[in-house]
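Beneath this line is the structure, given in structure tokens, with notes to follow.
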Amino acid sequence: MVEFILENETDEEISEQQINELNRVCCEIMKNEECNFDAEISFTFTDNEGIREINRDYRNIDRPTDVLSFPMLEFCDDETDVEYETENGLVLLGDIVISIERAKEQAQEFGHSLRRELAFLTAHSMLHLLGYDHVDDPVGEKMMIEKQDIALNALGITRD
């Protein structure tokens, strides 16, 4: 089970259906990764300027991006640091920040739906929260792409 703490900093309406689908993406990734705990994730929707500021402040990269992930746990040797349990017994997995503006641009650029782009960005970010990385790591990048595709295909969220 995954619970979201949601914040929408945009004027875009995020429907309950969209939230439920992103939650299903998170749950599918956790199932595939054999996570045996329930999680809480802070999920923020923003615009290009909002994500640019976060990217600048936390990564020293002064430009917008599509998604940022801020893991709360360290994963090593298949062990999870579960000291971050919340009052409700959920493990605070981390923060996902998505630029809805950039997601729309990328959906148009790649020729698929916003639904698919948001699901892809969520799957990608979830893998980061679970300890995966791809920066300067072609093997890690390939692995993340495969895991994202497996999860999205299982949910029937394919490129339109």
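What net charge do the residues around H134 carry, taking every other residue with its C-beta under 9 Å from that of H134, with Lys and Arg at +1 and Asp and Glu at -1? Once positives and negatives cancel, what remains is -3. Taking every alpha-carbon pair under 8 Å whose residues sit at least 6 apart, the chain reaches a relative contact order of 25 percent.
With Cβ to Cβ distances under 11 Å as the rule, what net charge do the other residues near N23 carry (K, R +1; D, E -1)? Once all neighbours under 11 Å are counted, the net charge is -3.
Taking every DSSP helix (H) stretch of at least 4 residues in the chain, weighting each as -39,500 (n - 2.57) and dividing the sum by the residue count yields a mean residue ellipticity at 222 nm of -15000 deg cm²/dmol. If you wrap the Cα atoms of the chain in a convex hull and average its projected area over all directions, you get 9.6 nm². E12 sits among other residues whose Cβ lies under 11 Å from its own Cβ, and their net charge, with Lys and Arg +1 and Asp and Glu -1, is -4. Using the Kirkwood radius built from alpha carbon pairs, what does the Stokes-Einstein equation give as D for region 106-155 at 25 °C and 0.890 mPa s, in µm² per second? Diffusion coefficient, whole number: 216 µm²/s.
Bear in mind these aren't lab numbers, they're just calculated from the coordinates by the rules spelled out. Not measured: the values here are computed from a predicted model. All Cβ positions, even for glycine, are placed from backbone atoms using ideal geometry, and neighbour counts span all protein chains on display.
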